[in-house]
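The values are calculated or read from the model by the stated rules, or taken from the named source; none is laboratory data. Values in this document were obtained by computation on a predicted structure and should not be read as measured data. Note that each Cβ is placed from the backbone with ideal geometry, even for glycine, and that neighbours are counted across all protein chains shown. Areas reflect the complete protein model, heavy atoms only, side chains present, ligands, DNA and RNA absent. Shrake-Rupley method; radii C 1.70, N 1.55, O 1.52, S 1.80 Å.
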Amino acid sequence: VSRFTFYSFWLSGFLAFWLSPCWAAPYFRESGLVDIPTGRVVEHGIFNIGTYIAFRNEDKLPRDEAALRLDFGLFDRVEIGLTSVRHDGESYLSGNLKVLLFREDATVPNVAIGIENVGDQIKIGSGLNDLTRYKRRSLFLAASKEFNLPRIHQIAGHIGVGNRRFVEEIGISNVLNGVFFGLSKDFQPAFARGNVAFSVEVDGRGVNAGVRHTGDSGLQIYLCAEALNAPATEGKEIRYLVGVAWTNRPLMRRIEEAKKLAKQAGLIANEAKRIAEEGKLSKREN
């Protein structure tokens, strides 16, 4: 990906956000599912920048919100996220922090602890599509584990517990009391030219499902539906979200592969040089 392409993407996302009189929610974090955090953290040196828009389940699909966010990883242990929020003509800045406690192995899952929505206080509304998911200083503990199941093969399970934005006193939230969980599955079909990830989750309030495509260039497209457990007679709680982002993970992977190839080429060149010198020495001795 050229610098021009990257900066053009950043500028277009920035303008799309700031020209939109909307508010935001913490969707599509780099190491999360649709809305819930997981036990994973972004790797060192990897970052993801993106924007997304939500639409209400009403006539003509009126737009509900938009946001611009950035996630990046440090030391393979720490993940930092920033979200720029615009609501009712006012601007807010919110941050997230996640720290990896245990790394996954044969028996132990990835386990992380974190805090969301640190920063400006965003005004909480009332009604079906309010800002309760943006309650300040929401703590959480999350775990993730890969499972190798028959036919399904690799699938990841995620579970966690949190306070504030993960807790409500209505519907399914009254039963879960802060518990959230989900499943995710990655595919690499040839026609997709990249990775396709499907996920379904219960975020402490309702059921969400989404799909994310990550192309070979690092460009990501997100599509999801939120609150699928809304009453069938009304269904106004359901919202549809569309997002676009860019991650440098494929680029960093190609750089690492290039380094390995260069190292191998260097070893081969040194070996060829050694053999040539030994051949010359052998001729002289003969």
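Give me D for the stretch 235-286 in µm² s⁻¹, whole number, from Stokes-Einstein with Rh from the Kirkwood sum over alpha-carbon pairs, 10 °C and 1.306 mPa s.
Working: Rh = 15.9 Å.
In µm²/s, the coefficient rounds to 100.
Based on the Cβ-Cβ distance of residue 120 and residue 264, what FRET efficiency does E = 1/(1 + (r/R0)^6) give at R0 = 51 Å, to the nearest 0.05? Walk me through the numbers on the way to the answer.
On the way: r = 50 Å, r/R0 = 0.99.
Computed FRET efficiency for residue 120 and residue 264 comes out at 0.50.
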Fill in the blank from the handout: Listed by chain and number, the residues whose amide H is under 5 Å from that of residue 248, excluding neighbours fewer than 5 places away on the same chain and using placed H, are 47
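Given N residues in the stretch 59-213, what is Rg(Cα) / (2.2 N^0.38 Å)?
Details: Rg = 17.3 Å, N = 155, 2.2 N^0.38 = 15.0 Å.
Normalised Rg, Cα atoms only: 1.15.
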Handout entry: the stretch 139-286, Rg to Rh (Cα coordinates; Rh as Kirkwood inverse mean 1/r)
Key = 1.31
Exercise for the section: Tabulate in residue order the Karplus-calculated ³J(HN,Hα) for the stretch 199-212, using 6.51 cos²θ - 1.76 cosθ + 1.60 with θ = phi - 60°, rounded to whole Hz; enter x for Gly and Pro. Expected result: 8, 9, 8, 10, 8, x, 10, x, 9, 10, 9, x, 9, 10
Fill in the blank from the handout: Taking only C-alpha positions in the stretch 38-89, Rg and Dmax in angstrom work out to 15.0, 47
Completion exercise
PRE zone check, label point 7 Å out along Cα-to-Cβ of residue 175, amide N under 19 Å, scope the stretch 200-225, hits 200-209
Completion exercise
For residue 275 and residue 221, extending 7 Å from Cα along the Cα-Cβ vector and measuring point to point gives, in nm, a value of 4.8 nm
Practice task
Tally up the carbon and sulfur contribution to the accessible surface of the stretch 172-257 as a whole percent, 1.4 Å probe, everything protein left in place.
Solution key: 65 percent
Practice task
Run down the lysines and flag those whose C-alpha is under 21 Å from the C-alpha of residue 260, throwing out any fewer than 8 positions away in its chain.
Solution key: 273
